[in-house]
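**Student:** I'd like to ask you about the structure that follows.
The values are calculated or read from the model by the stated rules, or taken from the named source; none is laboratory data. Note that this is a predicted model, so its numbers are computed, not measured. Positions of Cβ are backbone-derived with ideal geometry, glycine not excepted, and every protein chain shown enters the neighbour counts.
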There are 2 protein chains.
Amino acid sequence: MNPALPLLLSVMLSKNGPATERCDLPSTLAEEIDGYRPVVRRILSAFDYGPQSGTTYRALAEFADHFGHRLVGSESLEAAIDELVAALRVAGVDRVVTEPVETPVWLRGREMAALVEPRHVPLDVLGLGGSVATPPGGITAPVLVVRSFEELERRSAEVNGTIVLYNPEWTSYLQYVPYRTKGPSHAARYGAVAALVRSATPASLYTPHTGMLDYMPGYPKIPAAAVTVEDADMLSRLAKRGSNVFVHLEMSNNHTHGVSRNIVADITGSVFPEQYVIVGAHTDSWDVGQGVVDDAGGVFIGLAAMAQLRRMQLRPRRTLRLVLWTAEENGLHGATEFVRRHRDEMDAVSLALESDIGTFAPVGLTTSGGDNTTACILRRLLTLTAPIGATRLEPANGRGSDVTKLEELGVPASVLLTRNERYFHYHHTRADTMSALSSRDLDLCAAFWTAVAYVVADLREMLPRG
Amino acid sequence: MNPALPLLLSVMLSKNGPATERCDLPSTLAEEIDGYRPVVRRILSAFDYGPQSGTTYRALAEFADHFGHRLVGSESLEAAIDELVAALRVAGVDRVVTEPVETPVWLRGREMAALVEPRHVPLDVLGLGGSVATPPGGITAPVLVVRSFEELERRSAEVNGTIVLYNPEWTSYLQYVPYRTKGPSHAARYGAVAALVRSATPASLYTPHTGMLDYMPGYPKIPAAAVTVEDADMLSRLAKRGSNVFVHLEMSNNHTHGVSRNIVADITGSVFPEQYVIVGAHTDSWDVGQGVVDDAGGVFIGLAAMAQLRRMQLRPRRTLRLVLWTAEENGLHGATEFVRRHRDEMDAVSLALESDIGTFAPVGLTTSGGDNTTACILRRLLTLTAPIGATRLEPANGRGSDVTKLEELGVPASVLLTRNERYFHYHHTRADTMSALSSRDLDLCAAFWTAVAYVVADLREMLPRG
């Protein structure tokens, strides 16, 4: 999930219940949807203790163990993209192409941090994506700890020459993200020489979380890194006691530009080949862990949906298009290029599905960009997936990352909702590995994704737009 | 908690309910216990939103931030012991001494591990306490993954020249510990050149857990380290797929001997000065994190109990003795020396209390070494601490670490029970920091500890022995 664009992000643990508008679908449409019950049951059965049970986890694990994480600009990302193209060919889709995406490239160098006053303690840090390097030999400076931008403003006279540590209370990712993205520039404005931010998580086992920063024009670019919750707490306690708190920070990152690739793979529609349902996820990841929670899990349930429809020889009326975006983490560059290149097709997209907030046990979908009838159609469709417990329809409330680029052009979109309470435990950390996922949950996500994509792509009419 | 002696360790998440023997305490004894209700209420009130509320966390945090972890042989441990002695003097105990303890000393050197085949991936490891070093330049060898000692035996012909990875399923710490302690020797027996073990935890965020190993006589001593759950899973998957899995391991530890100190501090009994209730915990820790879950939290609630009784000018009939053992983690050397030196007093110990499995919200006590009357007395006493929810009495089932050295000599013992479901998330890791503890929970533990220690030390009679 892209961390750089908070306004596009979700209140992930949203408490919003299902949209509760009254539904009066025409009986022919209701009957049309209900008519998919047998095929949906066959799809669900294939994954739910059927022949496909366990295959998604196994394939994803093999991929993750072979390629590891996939930072934009890395060889592993491009090799992984080649592998996914090959897998789609094997799956028998009608067409698979890659489309070039120009993107900034940021490569992490050696990183080292330590508390040096009042005593020496090594600090595990992860530099923020896009951060400039420190001067060779690093920076040693006193630490100023603030809980909020308000406190920074209030104490702006103390900032010059310090390393500012943002230690905001965790309430939600949405509330947190501005400290990571804009915090460095806000601190630099008052003369800070570097910035540290508390890691973005409600739960830590001394776990640093990286993510993108976003330098603001007109301010010096200062190096910035995330510290663990534990170290943020410690530094904060030391500062409160009036200790002189000095930290040494050393980072040697590298900025260039490069070209990566989106993957676009189609099962061509039997009746409306130039209308689309898009199933999306992103191939790139941060450069720690295995990048499977964010977002190879999403990639592999999309792949599983395409393969399963070919296996069942199900060809929907309109084209089912799997889009695997690149360069999501560093700013939605893949999705931006996709909509630029495919702008003329956007009016013909019935629905864009995205999985990028975890492939834990599926519970339903968000909806945005449609009207009341769209929501009613989706709600009726979700009665078909009741056997696996995925029946919930929620307003999007900003959830969605790459797919927001399509939403901006009026495309109705739905994001996969899962039991993702633990999502931010793993997000952008070394702990984003296969151990965080369950084979059973991936099966259910793959089953759900296949069923939803197929039915929406096969309905006689496109979904209405709002 | 000492990890080297599994038989002395607990099934920490024991499902055993309270001992359910029928209680027919003599009415005078029952009334005597009930008579403490007012003083217990005063004690609880002092910590529970009273004047002592928050003080234990603040003092512990200052201690932890100032001294950090406290490995046996480190300067920080000895400086911390000096500080605790000074704090006990300030608290106004009648007597505080240190007693020398000879102990092996193991110092971690540089550690580095990486998967080198089928691809290069750095592995975060923590060498096991007591491990020998690798040869300079390290060891590179194929990895043999086994789930159990049974599998090692079955595959003994494959072991020679390999690095054996023990990857047992997590069921309980008790089931796990033999792999860490005896695993290296079992593997060396068949020619392994090093051993890795899966970290001991039900929950990981790429978190390595250290702990003691125990070389068996007659086998080569091979270097051994813990890998994270995530890496154990990955290595296991790679091996199952038939990949050639090679790991590089480099460790440069140092073994010597040294002298540390137990702390013994008394509030002298008003009527039976030569009878004792002991309150125990250990000062040393592993050399990662801050060593507060294991076990500075236990130290500080003991300290809080002593200080609070002096503050309230409560002097129990028999001597209340705080014992802060050293050298627990590397094999209960402090407790062993304590019982050697104080053997003659062991018959005069009414009860030994220990806190070493976390200072989370208190729920009650274990009991061992007493008879049915002992259990009934404790159960009646625990009705007095109902206002803070600590009323449970459970059979010890092996719970206890240093205190087991006293139990072996017939001393009745009770271990502090807390809501410690998360104990093994932090145990022996970099995440064992103040962030794992709560001020409120420490207040309740301190209140409970003060009340229990005072009442048992003040009862007219010693607790009966079994």
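**Student:** Being within 14 Å of chain A (Cβ to nearest Cβ), in a loop (DSSP other than H, G, I, E, B) and within 19 Å of B:GLY129 (Cβ to Cβ) is the filter; apply it to the stretch B:210-249 and report the residue that is farthest from the chain's Cα centre (by Cα).
**Tutor:** Checking each candidate, the answer is B:THR228.
**Student:** Related question: Please determine, by comparing only the residues of the stretch A:138-156 that are part of a strand (DSSP E or B) and of a type outside the set (A, V, I, L, M, F, W, C), which one is surrounded by the fewest Cβ atoms within 10 Å (Cβ to Cβ).
**Tutor:** Result: A:PRO142.
**Student:** What pairs come up if the first residue lies in the stretch A:235-256 and is more than 17 Å from B:GLY68 (Cβ to Cβ), the second is assigned to a loop (DSSP other than H, G, I, E, B) and modelled with pLDDT under 95, and their beta carbons are under 6 Å apart, counting only those six or more places apart or on different chains?
**Tutor:** No pair meets every condition.
**Student:** Follow-up. Name the residue, out of A:CYS445, A:CYS376, that is more than 22 Å from A:PHE272 (Cα to Cα), in contact with a Cys (Cβ under 8 Å, 6 or more places away or on another chain) and touching a residue at least 40 places away in the same chain (Cβ under 8 Å).
**Tutor:** So the residue among A:CYS445, A:CYS376 that is more than 22 Å from A:PHE272 (Cα to Cα), in contact with a Cys (Cβ under 8 Å, 6 or more places away or on another chain) and touching a residue at least 40 places away in the same chain (Cβ under 8 Å) is A:CYS376.
**Student:** So, one more: Exactly one condition in (1) in a loop (DSSP other than H, G, I, E, B); (2) buried (at least 24 other Cβ atoms within 10 Å of the Cβ) is not met by A:ASP295; state its number.
**Tutor:** Checking A:ASP295 against (1) in a loop (DSSP other than H, G, I, E, B); (2) buried (at least 24 other Cβ atoms within 10 Å of the Cβ), the one that fails is (1).
**Student:** Among (1) within 14 Å of chain B (Cβ to nearest Cβ); (2) buried (at least 20 other Cβ atoms within 10 Å of the Cβ), there is one condition A:GLY73 misses while meeting the rest; what is its number?
**Tutor:** In the conditions (1) within 14 Å of chain B (Cβ to nearest Cβ); (2) buried (at least 20 other Cβ atoms within 10 Å of the Cβ), A:GLY73 misses (1) alone.
**Student:** Considering each of B:ALA59, B:ALA87, B:ALA64 in turn, give the residue that is more than 14 Å from chain A (Cβ to nearest Cβ) and either touching a residue at least 12 places away in the same chain (Cβ under 8 Å) or surrounded by fewer than 23 Cβ atoms within 10 Å (Cβ to Cβ) (or both).
**Tutor:** B:ALA87
**Student:** Residue pairs, Cβ under 7 Å, 6 or more apart or interchain, first in the stretch A:335-361 and under 30 Å from A:ASP443 (Cα atoms), second in a helix (DSSP H, G or I) and among the hydroxyl-bearing types (Ser, Thr, Tyr). List them.
**Tutor:** A:ILE357/A:TYR423; A:GLY358/A:TYR423
**Student:** Still on this model: Of the residues in the stretch B:393-423, how many are touching a strand residue (DSSP E or B) at 6+ places or on another chain (Cβ under 7 Å), surrounded by 16 or more Cβ atoms within 10 Å (Cβ to Cβ) and among the charged types (D, E, K, R)?
**Tutor:** Residues that pass the stated criteria total 4.
**Student:** Now, a different point. Determine which single condition A:GLY191 fails, assuming it passes every other condition in (1) closer than 22 Å to A:ARG108 by Cβ; (2) of a type in the set (Gly, Ala, Ser); (3) away from chain B (no Cβ under 14 Å); (4) assigned to a loop (DSSP other than H, G, I, E, B).
**Tutor:** That leaves (1) as the condition not met.
**Student:** Still on this structure: Being assigned to a helix (DSSP H, G or I) and touching a Pro at 6+ places or on another chain (Cβ under 9 Å) is the filter here, so list the residues in the stretch A:407-444 that pass it.
**Tutor:** Residues satisfying the conditions are A:PHE424, A:HIS425, A:ASP441, A:LEU444.
**Student:** Being among the charged types (D, E, K, R), part of a helix (DSSP H, G or I) and touching a helix residue (DSSP H, G or I) at 6+ places or on another chain (Cβ under 9 Å) is the filter here; which residues of the stretch A:21-61 pass it?
**Tutor:** A:ASP34, A:ARG37, A:ARG41, A:ARG58
**Student:** In the stretch A:44-100, what residues are among the charged types (D, E, K, R) and modelled with pLDDT under 95?
**Tutor:** Result: A:ASP48, single match.
**Student:** Right, here's the next one. Inside the stretch A:194-209, can you point out the residues that are outside any loop (DSSP other than H, G, I, E, B) and within 14 Å of chain B (Cβ to nearest Cβ)?
**Tutor:** Within the stretch A:194-209, A:ARG198 is the sole residue that qualifies.
**Student:** Looking at the stretch A:114-137, which of the residues that are assigned to a loop (DSSP other than H, G, I, E, B), under 25 Å from the mean Cα position of the chain (by Cα) and more than 15 Å from A:ALA192 (Cβ to Cβ) is farthest from the other protein chains (Cβ to nearest Cβ)?
**Tutor:** Here the residue is A:GLY130.
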